[in-house]
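Only the coordinates and a few stated rules stand behind these numbers; no lab work does. From a predicted model like this one, the values you see are computed outputs, not experimental measurements. No Cβ is skipped: glycine too gets one built from the backbone with ideal geometry, and neighbour counts run over all protein chains shown.
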Amino acid sequence: MAFAITDRTRDVVKRILPFPLTGAQKRVLREIADDMRSSHPMNRLVQGDVGSGKTMVALLSMVVALENGVQAAFMAPTEILAEQHYLTFRRLLARCPYRVELLTSTKKGKERAAALARLAAGEAQIAVGTHALIQEAVAFRRLGLAVVDKGYDVDVLVMTATPIPRNLALTAYGDLDVSVVDEKPPGRTPVRTLVRPASDRREVLDLVRREVTAGRQAFVVYPLVEESEKLEDVKAATEAAAEWQAALPGMTVGLLHGRLKGAEKEAVMGAFTKGEIQVLVATTVVEVGVDVPNATVMVIEHAERYGLAQLHQLRGRVGRGGGASLDVMSATEDGFVIAEKDLEIRGPGDFFGTRQWGMPAFRVGHLIRDRDLLERARTEAFRWVEEPPGEGAAALRDFLEKGGWERRFGLARVG
């Protein structure tokens, strides 16, 4: 369906905005609005750096759908993140007549049945959840926009948590229109990044103690949940949490990792968000979307075990409030530059296999070296399909049908 964007829609959007939009957010919203006005379903990828305001873009897009009498779904990768979005959407939409429903695997029994009934009846306009949203039992009265979820024949807005290198975006999302949020909202303080050897542990501990004493909070990230015989030199979060508690007497240290049950994770994250936990020792479960503005320092143990893009994503968990941020890690701020460098160092792995690193063995082309050529090829392919048949299209079709490709590029199969 084609959505209408009226003066009333614009007024609702202005009413819920807690801060002025950046130029990048306005540009991406215009691109989304053009898609939604079209009679063809939207299929767009929105990517941006950590902290660039992608979630606000998604919410305002959902408001456009709601103002046109349909429902919207927002699917998050984890229950912690789904609940955070649910609470954020409820707060921002408090002055609007819209009901936001949370649907995750931990919601069961009568509570779950009531939520499903409200969605099916259209009494709830926005559903926020995990993959629980795409179970067979979930039915919408009239779903019009899905964010992330690609399981419905409706407008689809796919969002990434970190920047994707342009060449990988072409390969993995070549059939989607791409929008880039390349500015950050005002008020975000730059993250100062430091690299410290293990011998400087006392200095790092003093830094965390100073921040917590000043009323701030801290993350401490470890690569493992428990000690591993294969990685004897790598500390794990469970043992380290006790060490941090002993080193910080009088301060509350919490532990968060993926093996905790859903309710336990929610309780720990809720306590950290409320300030009841001052230092959170965690694994990379905090990598995506955790938003605690009062957290100003992050210590990443065994940083050599992570890729550059993952380190940058972790760094995005601090610097979200007004306090100056400190991050014990490495040294650059531009997520798009980091994503390209990470690809150059590690490679994307196999697209149709299990190898998660290294360059794919293409017969023709190189993802990094031939990026510009890949972009031109994609543009020409879309133009050939979309433009009315003409002399150029006829000549290319004749070339392909008569084996021109095989004659010209057959040697590429050698070896």
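Below are the figures for this structure:
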item: Pair SER39, MET1: separation of 7 Å Cα→Cβ label points (nm); result: 1.6 nm
item: Karplus-derived HN-Hα couplings along the stretch 44-49 (A = 6.51, B = -1.76, C = 1.60, θ = phi - 60°), whole Hz, x at Gly and Pro; result: 10, 9, 10, 10, x, 5
item: Relative contact order for the stretch 7-181, counting Cα pairs under 8 Å that sit 6 or more residues apart, in percent; result: 34 percent
item: Amide hydrogen neighbours beyond the local backbone of VAL221, cut-off 5 Å, H modeled; result: ALA282, VAL299, ILE300, GLU301
item: Calculated FRET efficiency for the pair SER199/CYS96, C-beta based, R₀ 60 Å, to 0.05; result: 0.65
item: Volume per residue of the C-alpha convex hull in the stretch 7-181, rounded to whole Å³; result: 117 Å³
item: For VAL147, distant residues with modelled amide H under 5 Å away; result: ALA73, PHE74, MET75, LEU157
